[in-house]
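Read through the structure below, which is laid out as structure tokens, and then see the notes.
Nothing in this text is a laboratory measurement; each read-out follows from the coordinates by a stated rule. Because the structure is a prediction, the values reported are computed rather than measured. Positions of Cβ are generated from backbone atoms using ideal geometry, with glycine treated the same way; all protein chains shown enter the neighbour counts.
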């Protein structure tokens, strides 16, 4: 990544006893097979992200590599403009790396998928003619994941989790960016 971004992971093995031959693995959710335990959940290898402006070619990230294992907590930290959002958009499948590859559960990420969700802080990622509620239900309904009242209920559940229930029928441009 450019200009001083930092990648940090907090893994289950970080809490293992010092000198232990096999790190302790604290996994939540489903049981993981022995084959899965050593395989990265997310594998980013040599990823360079570039885009063109009218004046020049911008390199947002340069040969970034890291793995995220099941149970890891992973943080990307860095100053504005260092490539954090660009990298996360590539992990989401919204951008394609110029170089390198990104794999989720061993499968190359080539496009957005129902196994990932992105919440963007910029409003230009939302459909401005739809309300907040409609923006949340849109992917559920268009992918066929949920329909009708089930999609509406799921959307309201998540809007409630992020304290946006009162703004469900507002348009994105009427909300604060904070």
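Using a Förster distance of 30 Å, how high is the FRET efficiency between residue 105 and residue 56, based on the Cβ-Cβ distance and rounded to 0.05? After rounding, the FRET efficiency stands at 0.25.
Among 163, 84, sorting on how many other beta-carbon atoms sit within 10 Å of each Cβ, with the fewest leading, yields 163, 84. FRET efficiency for the residue 65 to residue 115 pair, using the beta carbon distance and R₀ = 30 Å, is estimated at 0.85. Using the average count of surrounding beta-carbon atoms within 10 Å as a protection proxy, the listed peptides 150-160, 72-82, 87-97 rank, highest first, as 87-97, 150-160, 72-82.
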